[in-house]
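Right, one structure below, let's go through it.
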Amino acid sequence: MKIIARDIPPRAAWALEQAGVHPLLARLYAARGVRAKDELDDGLGRLLPPSGDQGLKGIDAAARLLADAMAQNQRLIIVADYDCDGATACAVGVRGLRLLGAQNVDYLVPDRVTDGYGLTASIARRVAERGADMLITVDNGIASVDGVAEAKALGLQVLVTDHHLPGPELPAADAIVNPNQPGCPFESKSMAGVGVMFYVLLALRAELRARGVFDAATQPKLDPLLTLVALGTVADVVKLDANNRRLVAQGLKRIRAGQMPAGIAALFHVAGRKAPVATTFDFGFALGPRINAAGRLADMTLGIECLLTDDAGRAAELAATLDGINRERREIEGGMRDQAMLMAESLFDESEEPPPAISVFDPDFHEGVVGIVASRIKDKLHRPTFVFAASSAPGKEHELKGSGRSIPGFHLRDALDLVAKRHPGVILKFGGHAMAAGCTVAEESFGVFEQAFAQVAQEWLDAATLTRRIETDGPLAPEYCRADIVDTLHREVWGQGFAPPTFSEEVQIVSQRLVGEAKNHLSLKLIHQGSPVDAIWFGHTEQLPARVLLAFRLDVNEWKGERKVQFLVEGAQV
């Protein structure tokens with residue numbers, strides 16, 4: 001473990017402070033690449049435009065396609081994906097199209113187990129059977145060459161909206177909107193699927209204005225959809241570039257003001273979180289997992305219906321159901337995580353470093369939770385990790401479905417591509433990104449995959465990459481160790497690629513003890529800059545020396561009306 005302080009460009013920090021930014025925020029923003037105050041303007045007018053020279057390729061064709069379909073009262077069916085980005089993108093699509101006047105909009109969600117990922121030929125047939133004239137994908141479709149071909153053969157028009165990386169061949173859709181397709185000049189390549197769908201609606205509204213359906217005064221407002229855009233963007237862990245931060249900030253403002261769909265309000269309630277002080281943390285760790293749980297263990301229709309309903313009572317029922325599924329997910333994950341961790345740790349002696357990559361499989365694992373468990377092992381051992389479960393799809397009992405998570409410096413999808421080329425036939429299919437990917441292998445090929453994956457990691461990773469690094473913002477001045485400062489920090493938009501503030505300092509440990517039902521959290525009393533502070537290190541059980549360099553985030557602990565700063569420990573360099 002190495003704790004490293006970020007560089008803070010002094011000129012940028014000074015310029016931001018001179019422009020009226022709080023001195024601590026000026027330092028944090030400068031360290032994250034912000035150079036001028038106008039970059040922090042999160043107004044809607046600062047969003048990148050949907051169309052034009054720097055707009056999204058294909059978006060004007062998509063808008064014309066949708067406007068024509070609406071003029072002819074055609075039946076539109078959205079094919080969603082079964083994660084939070086897919087669910088929010090679907091809800092944004094259905095709500096937005098109806099707001100803009102579409103009379104006949106419905107959706108269909110693939111089943112994680114029986115359908116697999118993306119628009120398949122069988123899903124295209126189901127959409128056609130439901131009387132659709134147009135099929136619209138959200139958060140999927142860019143790699144669905146066969147599925148789009150089947151939809152076209154069945155006479156459907158197809159609009160693909162996606163944000164994933166394309167394969168060697170693009171599907172023959174009527175229009176494709178994806179910032180990552182070849183030749184797209186749109187600056188924000190990190191937009192989530194829900195953001196892409198929101199942008200399509202902006203372009204559609206402009207097209208309908210041009211056709212005289214409404215004017216600037218009578219056009220429907222689309223900004224209420226930004227609460228859903230913000231949730232899906234954070235939950236999908238895409239990079240929070242300037243445009244994504246604006247989308248998220250706009251959604252948070254509306255939630256804090258009490259302007260949100262009934263389902264989001266209900267999810268805040270069941271998660272025990274407070275909407276008036278909503279943060280990106282709530283999206284990523286409270287609301288997102290409850291929606292994702294439906295796709296992992298049940299049917300994502302529950303999550304989408306929760307986001308679509310305007311009936312508070314129905315929203316409360318659905319949110320309570322999602323909360324129950326999430327509790328079940330946590331129980332399954334807990335047992336799987338312990339078992340998988342034991343298997344991973346059995347691959348090396350205590351005195352040794354872990355192998356360069358880890359692959360584990362158990363026939364009792366649940367395929368809906370393998371990705372989360374892989375993430376937990378990766379976090380603990382700092383190694384690229386794949387966790388496999390037996391497929392529960394009919395006729396696929398001898399296939400293993402794996403989900404992988406990676407560490408910085410190791411491109412997981414590219415690693416799978418190399419394994420597939422070196423060992424033809426071992427990987428039946430694969431896909432994903434640099435940090436997360438999935439693949440299917442035959443059960444008898446697991447051993448070959450395990451060795452081949454470890455071999456690629458051995459070649460690509462060096463000692464520096466295999467050492468866990470925590471980047472921090474350096475020491476925290478004692479005058480900033482206050483509850484109101486913590487509130488100020490929490491109001492800002494932090495996340496992937498725009499890391500939450502983390503500080504590092506050598507502290508004196510006064511006392512430490514294990515707490516929690518399973519005694520798996522370390523509670524600390526320490527001296528920071530001469531003052532006593534409480535701290536907690538979740539999921540950590542090893543005792544610390546009397547003096548230690550800690551990396552920590554700031555939180556506020558409320559007890560009997562008193563609000564005191566608490567450190568959330570991220571790591572220690574002994």
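Each reported figure results from applying straightforward, stated rules to the coordinates on display, with no laboratory input. None of the values given here were measured: they were computed from a predicted structure. As a convention, Cβ positions derive from the backbone with ideal geometry for all residues, glycine included, and neighbour counts pool all protein chains shown.
Values as computed for the structure displayed
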| read-out | value |
| --- | --- |
| Förster-model FRET efficiency, 30 Å R0, D38 and N557, C-beta, rounded to 0.05 | 0.25 |
| Residues of type aspartates and glutamates that K380 reaches as a straight line, Cα spacing below 16 Å, ignoring anything fewer than 8 places off in the same chain | E333, D338, E345, D349, E350, E352, E353, E542, E570 |
| DSSP-loop GluC sites (Glu not before Pro) across the stretch 98-185, with at most 10 other Cβ within 10 angstrom | E169 |
| Trypsin sites (Lys or Arg not before Pro) lying in DSSP loop within the stretch 494-548, provided at most 15 other Cβ fall within 10 Å | K519 |
| Where Rh is the Kirkwood radius over Cα pairs, Rg/Rh for the stretch 48-323 | 0.94 |
| Computed lengthening from K396 to S351, 0.36 nm per intervening residue step minus Cα-Cα distance | 12.2 nm |
| Helix-only mean residue ellipticity at 222 nm for the chain, each DSSP H run of n ≥ 4 adding -39500 (n - 2.57), per residue, nearest 500 | -12000 deg cm²/dmol |
| Phi to ³J(HN,Hα) by Karplus 6.51 cos²θ - 1.76 cosθ + 1.60 over the stretch 129-138, Hz, x for Gly, Pro | 4, 8, x, 6, 9, 9, 10, 10, 8, 10 |
| Taking the chain and dividing mean pair separation by its residue count, relative contact order in percent (alpha carbons under 8 Å, at least six apart) | 12 |
| Option label - volume of the Cα convex hull per residue in Å³ computed here, alternatives (i) 268; (ii) 154; (iii) 165 | (iii) |
| For L476, residues with placed amide H under 5 Å, excluding near neighbours | S504 |
| Over the stretch 48-323, relative contact order from alpha-carbon pairs under 8 Å, at least 6 apart, % | 21 |
| Integer Hz, Karplus 6.51/-1.76/1.60 couplings in order for the stretch 149-158, x for Gly and Pro | 4, 5, 4, 5, 5, 8, x, 8, 7, 10 |
| DSSP-loop chymotrypsin sites (Phe, Trp or Tyr not before Pro) across the stretch 477-574, with at most 14 other Cβ within 10 angstrom | F538 |
| Share of Cα-Cα pairs in the stretch 347-466 lying beyond 18 Å, as whole percent | 46 |
| Cα extents of the stretch 269-312 along the three principal axes, largest first (Å) | 30, 24, 14 |
| Amide H partners (placed H, <5 Å) of G497, local residues excluded | L240 |
| Interchain or long-range residues, amide H under 5 Å from V158's placed H | L135, D174, A175 |
| Beta bridge orientation in the chain: antiparallel %, DSSP, nearest 5 | 65 |
| Sequence-separation-based contact order of the stretch 420-498, relative, with Cα cut under 8 Å and 6+ spacing, percent | 16 |
| For the stretch 248-256, Karplus couplings with θ = phi - 60° (6.51, -1.76, 1.60), whole Hz, Gly/Pro x | 5, 4, 5, x, 4, 4, 5, 5, 5 |
| Residue pairs, from the table K57/K253; K189/K378; K152/K401; K274/K560, whose Cα atoms sit over 24 Å apart | K57/K253; K189/K378; K152/K401 |
